[in-house]
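Worksheet: one structure, shown below.
The values are calculated or read from the model by the stated rules, or taken from the named source; none is laboratory data. Since the structure is predicted, the reported quantities are computational estimates derived from the model, not experimental observations. Cβ placement follows ideal geometry from the backbone for every residue including glycine, while neighbour counts extend to all protein chains displayed. Calculation scope for accessible area: heavy atoms of the full protein, side chains included, ligands and nucleic acids excluded. Shrake-Rupley method; radii C 1.70, N 1.55, O 1.52, S 1.80 Å.
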Amino acid sequence: MQFNHIDFDTYFKNYPDADGFFGKYGGSYIPQELQTAMDEITEAYYTICKSSKFVSELRRIRKEFQGRPTPVSYLERLSGKLGNVQLYVKREDLNHTGAHKLNHCMGEALLAKYMGKKKVIAETGAGQHGVALATAAAYFGLSCDIYMGAVDIKKQAPNVARMKILGANVIEVTDGLQTLKEAVDAAFMAYCKEYKDAIYCIGSVVGPHPFPMMVRDFQSIVGIEAREQFMEMTGELPDAVVACVGGGSNAMGIFSGFLNDPVDIYGVEPLGRGPALGDHAASLAYGSEGVMHGFNSIMLKDANGGPAPVYSVASGLDYPSSGPEHAFLHDLGRVKYDVISDDETIDAFFELSRMEGIIPAIESSHAVAYGIKLAKQMNKGSILINLSGRGDKDMDYIIEKYGIR
């Protein structure tokens, strides 16, 4: 399949290029001393991660520890309520630890083990990446430092408790807005001091090369499974694939399975309270090209050209940029990026819970809301939604803020 002169048959061989660029996006904009550490990770990824020993061990972990493959579920009652369009969800909420994050965390921690590192360092927003990495660290016997904004620590108390039970050191970040962007800043600074003995396990398809590529590759299992499962269930491809996008790891995971197919693909960003700067985190919808956290992408900027303050009801989506591959696919037009508000998200949270017995994460509820909206616009066909995580972590916050609807 070709799209704007890009041959998606060979897409994954060509993107990113040797310098980590997806077109003009990506790269590595970091100090030289840290670049040496990144080059070490890149070399290890291209050698260790392509070895049969690494691949077979990761496959065993996915099957015996993570519980993969996760199923695709048909949403019969919700589909019937909406009309003729059939809705399906890829159940990453059933992956061990309750979200897609463990897919790349086990890969990154296994890489750290092969490299002889003693510690893993990461940031987390909603806490799912933190829980996943704490789980991986416990599995492999590694030390684990998780940096988390003070606001998110309060919102995501169940996940904070899980991280601590798993043995992770949760470090509260009180700078700025005290959310995901500040957590990334703090984790990056810590890694600069400890890179000889530690590896920074970035929680999404963001950061300097090789992380956007590496996280995408580890997450591609979601798309590989989903495509095969959907074909087996229905005998055809879905008409549309939908996933939420903050940094964008779950989205790149499922999108990668369908980029070369005649399927409409939608990335859903958080509109939050509305389009005014500071009220949302929809960088692809409202941002412009810029560099932050060591990579070039599309970002929301303040008056001085730095990262703008952002907001979302979903702690895992309130980031002022998106992965460079998403920026590339946005410019190509291969993926359509759209927005969903907080109110639409919370409505979808309760709708899926009541209609199907599945409580979704607030992040995933953005994709569910868009899938519902899209189904109302289509006369026929099928939509596959990536249900990137479960909503246990969000229930106390939603009940306190919104009540039981």
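Key figures for this structure:
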item	result
Within segment 145-163, considering residues that are touching a Lys or Arg at 6+ places or on another chain (Cβ under 6 Å) and buried (at least 24 other Cβ atoms within 10 Å of the Cβ), the one nearest to Q178 (Cα to Cα)	Q156
Selection within segment 182-192 - open to solvent by 50 Å² or more (accessible area, probe 1.4 Å) and either in contact with a helix residue (DSSP H, G or I) (Cβ under 7 Å, 6 or more places away or on another chain) or closer than 25 Å to Y139 by Cβ (or both)	C192
Residue satisfying condition, being open to solvent by less than 40 Å² (accessible area, probe 1.4 Å) and touching a strand residue (DSSP E or B) at 6+ places or on another chain (Cβ under 7 Å), within set L110, L142	L142
Residue check for V291: open to solvent by 10 Å² or more (accessible area, probe 1.4 Å) and among the β-branched types (V, I, T)	yes
Qualifying residue in segment 164-181 (condition: in contact with a Lys or Arg (Cβ under 8 Å, 6 or more places away or on another chain), of a type in the set (S, T, N, Q) and surrounded by fewer than 21 Cβ atoms within 10 Å (Cβ to Cβ))	no
Residue match in segment 216-230 (condition: of a type in the set (G, A, S) and surrounded by fewer than 22 Cβ atoms within 10 Å (Cβ to Cβ))	yes
Unique residue being touching a residue at least 24 places away in the same chain (Cβ under 8 Å) and charged (D, E, K, R) when the list is K193, K181	K181
Residue match in segment 240-262 (condition: in contact with a strand residue (DSSP E or B) (Cβ under 8 Å, 6 or more places away or on another chain), assigned to a strand (DSSP E or B), open to solvent by 20 Å² or more (accessible area, probe 1.4 Å) and closer than 27 Å to F211 by Cβ)	no
